[in-house]
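To start, the structure under review is shown below, and the notes come after it.
The values are calculated or read from the model by the stated rules, or taken from the named source; none is laboratory data. Note that the structure is predicted; figures quoted are calculated from it, not measured. With ideal geometry, Cβ positions are generated from the backbone for all residues, glycine too; neighbour counts draw on all protein chains shown. SASA here: full protein model, heavy atoms, side chains in, ligands and nucleic acids out. Shrake-Rupley method; radii C 1.70, N 1.55, O 1.52, S 1.80 Å.
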Amino acid sequence: MPSGGHATPQRGISVSSRRGWAPPPVKKMDFQLHPHDDAHTYHFCPQCGGALERRLLKATEPERLVCTRCGFVFYIDPKIAVGTIIKTPADRLVLVKRAIDPGYGKWVFPGGYVDRGETLTRAAIREAREECGLDVQLEGLVNIYSYAGRAPVIIVYAATAIGGTLCADEECLETAEFDATAIPWDNLAFRSTHEGLRDYLAGLLHPVRL
């Protein structure tokens, strides 16, 4: 599953103020900063180089980074990731042990971030090949996972291995096949790993159009 990475601005608009109008006060959310939430690392406008500051533009939305010079709004959009729960011909599930933080040394199903312009299904197939060396056929969507205060949105697919050779890439310490009864529940990397596997084993599956 994903690690590291920098949030990318996806949209930009200029802000104009309305004289005499001010948003009503809202209660700020109190949550721990996620390693992928790097909005605090951006200081300058990509349009004009002016300083960015946090402003509450709408009462129903979080604070945005706004250029103090030109009014450009620097949106930090969610990070979209895919994961693939792969069943092998031996009726086992493939997990990889992470070689990077977050989750170093813990198990997760193959996955990673979706590239801009890439379809979700193509990304899932690509990440499976890159992380564990297997060619897969997607069988359906297990579920979509998102959490308050967290940047990633994780889309998890069920798949069947149809080729390739099980191996580990540079982001994995090792790969292994597990019987459903032998999944290392106490050593899984992320909340979405736990929930994705539990939903899969419970038979949750939605059709997808490839």
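List of remarks:
- The stretch 154-194 - percent of accessible surface contributed by carbon and sulfur, probe 1.4 Å: 48
- Straight-distance candidates among the aspartates and glutamates for linking to Lys58, with alpha-carbon spacing under 12 Å and chain neighbours fewer than 8 residues away dropped, are absent.
- Dimensions (Å) - the stretch 88-152, Cα atoms, principal axes, largest first: 39, 30, 20
- Per residue accessible area of the stretch 75-178, 1.4 Å probe, in Å²: 43
- Span from the the stretch 167-205 Cα centroid across to the the stretch 106-162 one, whole angstrom: 12
- Amide H contacts under 5 Å for Leu188: Trp107, restricted to partners 5 or more places along the chain or on a different chain, H placed in the peptide plane at 1.01 Å from N.
- Model label sites at Thr60 and Asp135, defined 7 Å from Cα along the beta-carbon direction, differ in position by 4.8 nm.
- Table column - 3J(HN,Hα) (Hz), the stretch 110-121, Karplus curve with 6.51, -1.76, 1.60, x for Gly and Pro: x, x, x, 6, 7, 6, 4, x, 8, 6, 4, 5
- For the stretch 86-210, the gyration tensor built on C-alpha atoms gives a rounded shape. Its axis ratio a/c (a ≥ b ≥ c) stays under 1.5.
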